[in-house]
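K.L.:
Handing you this structure, nothing more for now.
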Amino acid sequence: MASITFKITLITICIFSSVLSITYAATEEGQTRPFKRVYAFGDSFTDTGNTKNANGPSGFGHVSNSPYGTTFFNHSTNRYSDGRLVIDFVAEALSLPYLPPYCHKKGNDTFGLNFAVAGSTAINHLFFVRNNLTLDITPQSIQTQLLWFNRYLESQGCQGVESKCKDFNETLFWFGEIGVNDYAYTLGSSVSEDTIRKLAISSISGALQALLQKGAKYLVVQGLPPTGCLTLAMYLAPQDDRDDIGCVKSANNQSYNHNLALQAKLQEFRKQYPHAVIVYADYFNAYHTVIKNPSKYGFTEVFKVCCGSGEPPYNFSVFATCGTPNATACTTPSQYINWDGVHLTETMYKVVSKMFLQGNFSQPPFNFLLEKKEKQG
């Protein structure tokens, strides 16, 4: 989700080459990890570097520039935050290294790969072409990510839609949120919200089903966050478009309805694939809970961005976004929910990941998935 309304310029060329065969690993203490690898999909909320190229998101400074990544890594790591993302905290929780991006991996895919791309849509790019909505929009979609994954599997000797990869018994599939860009790219067009929701859910469902048919047994699927609480939405929407927590009501309703449709589809898959554990990570209500009581989680700034223009009331302007020469970063990002107006701070990602992995914002709970994995071996 590199931008809710900005058009994204991204041409990521992935030259596929041979990769190392997957090996099993254990912790330093000799204990087997819950999972031996993770494969991740999604947009900029999950991307750990697949957008690394000469052209970053046109609305922001290049993500490889400071201050992106400086809180934790002390340098940019092509993440759209000041530090770690949810997927990074997932890797930590599973005692695994951070996932390398598929397009820029350096030979080490032992513990999995990240296929997420900032700016990605759920709906195939051809849809936007046909509706004349292609200007500066990334051509990548969830179908692209699945294509990359299939190519990777072929290199591992796991070919064919019906192929059952025993490797997947030790693999967690993390399906990060995706779909916000689909709504953003059609903003102001004649394409209806209902059309986008139906097409996006259909596309996401197709990708999930493809993974399940290949033998995926453990999946976590994130819903959309309350996009009306992101600073850019607050900045652009009229003041009378607000809900009970002060966010943009129309945008939050859009995300909420999308998530309802997604959850209904996941329930169908649970019946269709009873041997798989499919967890829904409730991004919307986790985020909503933090917004309602920010001080409980250490936040003092709910809508104001840490990295921005200095323009009141949100420290945000579309003419001086994070990473551009006229923007500066705050010295206390841990007190902010919003990092650059569209993406979140490391602290917020950490809070949300904990709510997914240890709290009550995953259905069924993530611990249930771990227990099933332990029993099935």
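The values are calculated or read from the model by the stated rules, or taken from the named source; none is laboratory data. As the structure is a computational prediction, the values presented were derived from the model and not from experiment. Heads up, the Cβs are rebuilt from the backbone with ideal geometry, glycines too, and the neighbour counts pull from every protein chain shown. Each accessible area value is taken on the protein alone, full model and side chains, heavy atoms only, with ligands, DNA and RNA left out. Shrake-Rupley method; radii C 1.70, N 1.55, O 1.52, S 1.80 Å.
K.L.:
What figure in square angstrom, to the nearest 10, would you give for the accessible area of Tyr102 with a 1.4 Å probe?
P.N.:
Accessible area, nearest 10 Å²: 10 Å².
K.L.:
Here is a further query. Would you please give the residues with an amide H less than 5 Å from that of Gly112, counting only those at least 5 places away or on a separate chain, with H modeled from the backbone geometry?
P.N.:
Residues meeting the criterion, in which the H sits 1.01 Å from N, are Val38.
K.L.:
What does the charge dipole of region 188-256 about its Cα centre add up to, to the nearest 20 debye, if the Cβ of each Lys and Arg holds +1 and the Cβ of each Asp and Glu holds -1?
P.N.:
With only Lys, Arg, Asp and Glu charged at Cβ, the dipole is about 480 debye.
K.L.:
Charges at C-beta only: +1 for Lys and Arg, -1 for Asp and Glu. How large is the resulting dipole of region 276-371 about its Cα centre, in Debye rounded to 20?
P.N.:
My answer is approximately 180 debye.
K.L.:
If I model a spin label at Glu193 and Asn132 as a point 7 Å from the Cα along the Cα→Cβ vector, what separation in nanometres do I get?
P.N.:
2.5 nm
K.L.:
Kindly provide the pair-distance distribution of region 174-325 built from C-alpha pairs, with 5 Å bins from 0 and whole-percent values in order of increasing distance.
P.N.:
Going out from 0 Å in 5 Å bins, region 174-325 shows 2, 8, 16, 17, 18, 15, 11, 8, 4, 2, 0 percent.
K.L.:
Assuming a ≥ b ≥ c are the square roots of the Cα gyration tensor eigenvalues, decide whether region 165-257 counts as rounded (a/c under 1.5), prolate (otherwise, with a/b larger than b/c) or oblate. The partial results should precede the final answer.
P.N.:
Working: a/c = 3.68, a/b = 2.11, b/c = 1.74.
Verdict is prolate for region 165-257.
K.L.:
Still on this structure, please answer the following. Please state, rounded to one decimal and in Å, the Kirkwood hydrodynamic radius that region 256-377 gives when every pair of distinct Cα atoms enters the mean of 1/r.
P.N.:
After inverting the mean inverse Cα-Cα distance, the result is 16.5 Å.
K.L.:
Under the √(5λ) rule applied to the eigenvalues of the Cα gyration tensor, what semi-axes describe the equivalent ellipsoid of region 287-353? Give them in Å, descending.
P.N.:
Taking √(5λ) for each eigenvalue gives 21, 11, 10 Å, largest first.
K.L.:
Sticking with this structure for a sec: Testing the spin-label approximation: label points 7 Å from Cα along Cα→Cβ at Asn169 and Lys265. State their distance in nm.
P.N.:
Distance between label points: 3.0 nm.
K.L.:
Further, regarding this structure: Return the loop-located chymotrypsin sites (Phe, Trp or Tyr not before Pro) in region 287-377 (DSSP other than H, G, I, E, B) with at most 15 other Cβ atoms within 10 Å of their own Cβ; answer none if there are none.
P.N.:
For chymotrypsin sites (Phe, Trp or Tyr not before Pro) across region 287-377 that sit outside H, G, I, E and B with at most 15 neighbouring Cβ atoms in 10 Å, the list reads Phe319.
K.L.:
Something else now. Just reorder Leu232, Leu370, Leu133 by solvent-accessible area, largest first, 1.4 Å probe, all chains present.
P.N.:
Result, largest first: Leu370, Leu133, Leu232.
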